[in-house]
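The values are calculated or read from the model by the stated rules, or taken from the named source; none is laboratory data. For clarity, every value in this text was computed on a predicted model and none was experimentally measured. Glycine also receives a Cβ, built like all others from the backbone with ideal geometry; neighbour counts cover every protein chain displayed.
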Amino acid sequence: MPNKIHKQKPARTCAKTYSDYKSFKQYLVKDFNNRCGYCDSHDKFFGGFKNFQIDHFKPHSIAVFASLKHDYSNLVYSCQSCNRAKSNKWEDSHGFIDPCAEKYDEFISRDSNGRIKHNNTLHGEYIYSNLNLFLRRHELLWSIERLEEQREQINKLLDEKVYNDESVESKLLKKFRAVQNEITKYSNSLYIEIST
Ligand SMILES: [Zn+2]
């Protein structure tokens, strides 16, 4: 059973209307849980809110979609990589699927190492290849987040001192250092991956 791509499924809840789609960004960041709708990268790894972008799911440069330029239901909180890769590509059949739709999860998922997968269908392959979901950064980001969660759990145990034995503390400190070293290793790989 593959893992879901989204740590938390995005859902558009904003009912406001604005004349400029950029005004929606403050709502998008919440509705998308600070994550790219397509690849689930957290914005904290890319300079946060100000560096994340607003993707128009149906490109407004295509005449039939021009009216959707400022329509919240057509906006996706997106990382630079996905937004740039998606650009104004559009395919009527077997093309992109809105990441807020349950259907997105049928085509795009993750394996147990955090690698993004498609399900060998035309839709799945189209989304995967046109958004560059094969990039190693997706696996690295997933691993870093998992390690950060582990580090937080160990830190909590050390803070709470829920043990009486000093050898437990020393084991936890050893584990903490090992996790920290892994985070550094993955972070360095990520840095190389995104700067080349
Ligand atoms: Zn992305």
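Some points to look at:
- Conditions (1) closer than 19 Å to GLY95 by Cβ; (2) free of Cβ contacts under 8 Å to residues at least 40 places away in the same chain: number failed by LEU131: (2)
- The stretch 103-128 - residue that is without any contact (Cβ under 8 Å) to a residue 12 or more places away in the chain and either within 14 Å of the ligand (Cβ to nearest atom) or charged (D, E, K, R) (or both) and, of those, farthest from GLN26 (Cα to Cα): GLU125
- Across the stretch 142-180, the number of residues qualifying as assigned to a helix (DSSP H, G or I) and either in the same structural domain as GLN8 (by TED's automatic domain parsing) or farther than 30 Å from TYR38 by Cα (or both) comes to 20.
- Residue match in the stretch 48-61 (condition: of a type in the set (Gly, Ala, Ser), more than 22 Å from ASN132 (Cα to Cα) and away from the ligand (no atom under 15 Å from the Cβ)): no
- With respect to (1) outside any loop (DSSP other than H, G, I, E, B); (2) surrounded by 16 or more Cβ atoms within 10 Å (Cβ to Cβ), the lone exception for LYS22 is condition (2).
- Total residues in the stretch 159-196, condition under 14 Å from LEU147 (Cα atoms) and small (Gly, Ala, Ser): 2
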